[in-house]
Amino acid sequence: MEALDTALLRDRGLRATRPRLAVVATLRRLPHASAEEIARDVRTSLDSVSTQAIYDVLNALTDAALVRRVDPTGARSARYELDLGDNHHHLVCRRCGLIVDVPCAVGHTVCLQPAIDHGFALAESEVTYWGLCSRCQHHAPEPTPAAASPLQEGTV
Ligand SMILES: [Zn+2]
Ligand SMILES: [Zn+2]
Ligand SMILES: [Zn+2]
């Protein structure tokens, strides 16, 4: 993969430095990783890389459209994935936060047209499918808060 990734970086006008190659390799294995997860993984092969250096690499790769920043879960921290131009969408588990890629139902941008576009030239539509992953569906429901339990009555 390293020769391929070197070519990928050079195609976008970037020098193939070791930290950049390491981040791309990490994203191949861990799509939708957070910057902290990427830093932890990169340090298993390059131990002198600071978290700031990882952010700098991610910004350079994002600017070069080699990496895409996604935040399908909203309130959580941004996740990163290789931008392979495949126009995919995300399935997100409401309970455990698992993110899985699914191909776009129509396969091209923009796959959803708003009823009114207000004159915008549309470039992208993000679709997030929310639900429970198969593992979470088979887990027992989370315990209800103690306050809601009738067993608490009369103990005060
Ligand atoms: Zn889940
Ligand atoms: Zn994805
Ligand atoms: Zn789509």
Largest-first ranking of Tyr80, Tyr55 by accessible area, probe 1.4 Å, whole protein assembly kept, is Tyr55, Tyr80
Per the 1.4 Å probe, what fraction of the accessible area of the chain, in percent, lies on carbon and sulfur atoms?
54 percent
Hey, what's segment 1-58 come to in accessible area per residue, 1.4 Å probe, Å²?
58 Å²
What shape does segment 19-87 have by the C-alpha gyration tensor, where a ≥ b ≥ c are the square roots of the eigenvalues, rounded means a/c under 1.5, and otherwise prolate means a/b greater than b/c and oblate the rest?
prolate
On full extension of the chain, what length is gained from Thr109 through Arg12, given 0.36 nm per residue of separation minus the C-alpha to C-alpha distance?
32.7 nm
So Ala64 and Arg95, fully extended at 0.36 nm per residue minus their Cα-Cα distance, gain in nm 7.8 nm
Kyte-Doolittle mean at least -1.0, axial Cα span of 15 Å or more - DSSP H helices of the chain
18-29, 51-63
Taking only protein heavy atoms into account and a 1.4 Å probe, give the accessible area per residue of segment 86-141 in Å².
73 Å²
Rounded to the nearest 500, what is the 222 nm mean residue ellipticity of the chain from helices alone, with -39500 (n - 2.57) per DSSP H run of 4+ residues and division by all residues?
-8500 deg cm²/dmol
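The values are calculated or read from the model by the stated rules, or taken from the named source; none is laboratory data. Keep in mind the model is a prediction, meaning the values are calculated, not measured. Side chains are part of the model used for accessible areas, which takes the heavy atoms of the whole protein and leaves out ligands, DNA and RNA. Shrake-Rupley method; radii C 1.70, N 1.55, O 1.52, S 1.80 Å.
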